[in-house]
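> There's a structure below that I have some questions on.
The values are calculated or read from the model by the stated rules, or taken from the named source; none is laboratory data. Everything quoted here is computed from the prediction, not taken from an experiment. Every residue, glycine among them, receives a Cβ derived from its backbone with ideal geometry; neighbour counts consider all protein chains shown.
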C-alpha cells in the first residue's frame, strides 16, 4: 500500500474516537427524537398538524448533519440517524420499530447529499441540504405506513413543511457541530 492509499484509508476508516462520538451523537439525538413527540403533540393541540410538523419534523432529521459534521467520514450521516432512531425506539413508546425504518431511510437520503459532494463538504450548506433531503422521505413514509396524507396538494404541503423544518434544524445541528469542532 503506497502512502496515498494509506492516507485515503486513514481518512475514511473510523477510529475509536469517531465511534465514541457517533455513539454519543446517537444517544443525544435519540433523546431529542423521543422528546420531539411531546413537542409534536403540544404544538398540534394549538397549531394543528401543519404547525406540529413545522415545529418538529426537522428535529427528527438532525442526527445526520450533526454526526456528519462532527466525524466527517462516509456513512457518518446514515449512522447518526440510525443510531438516534434506535435509541428513540428504546425510550419512546410512540413510533415503535417504525422509528428505525424512518432513521434508516432518512439517513440514506441525508447521506446521499454528502455523497453528492464526494465527502469533501461538511459545512452549513451540506448540513442543511442533508436535513432537507430527509423531509420528503419522512412524508412518503407517513403516507405509506400510516395513510396520514390524502391529496397531492396535502402531500405537497407536508413536503414543504418537512423541508422548511429540516432546513432550520439542519442549520442548528450543523452550526452546533461546527462550534464543537472549533472548541476541540
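> Within segment 105-126, take every residue that is surrounded by fewer than 18 Cβ atoms within 10 Å (Cβ to Cβ) and in contact (Cβ under 8 Å) with a residue 24 or more places away in the chain and give me the one that is farthest from residue 41 (Cα to Cα).
The extreme case among them is 115.
> Quick one: in segment 157-181, of everything that is modelled with pLDDT under 90 and surrounded by fewer than 18 Cβ atoms within 10 Å (Cβ to Cβ), which residue is farthest from residue 25 (Cα to Cα)? I'd like the intermediate steps shown before the answer.
Of the residues in segment 157-181, the ones modelled with pLDDT under 90 are 157-158, 181.
This time we only want the ones that are surrounded by fewer than 18 Cβ atoms within 10 Å (Cβ to Cβ), so: 157, 181.
Details: 157: 30, 181: 13 Å.
In this case the residue turns out to be 157.
> So, residue 177, is that one closer than 25 Å to residue 14 by Cβ and part of a helix (DSSP H, G or I) or not?
Numbers: closer than 25 Å to residue 14 by Cβ: yes; part of a helix (DSSP H, G or I): yes.
Yes.
> Among 58, 48, which is in a helix (DSSP H, G or I), farther than 22 Å from residue 20 by Cα and out of contact with any helix residue (DSSP H, G or I) (no Cβ under 7 Å at 6 or more places or on another chain)?
Numbers: 58 fails: out of contact with any helix residue (DSSP H, G or I) (no Cβ under 7 Å at 6 or more places or on another chain).
After ruling out the rest, the residue left standing is 48.
> Of the conditions (1) farther than 13 Å from residue 68 by Cβ; (2) crowded, with 18+ Cβ neighbours inside 10 Å; (3) touching a residue at least 24 places away in the same chain (Cβ under 8 Å), residue 129 fails just one. Which one is it?
The number of the failed condition is (1).
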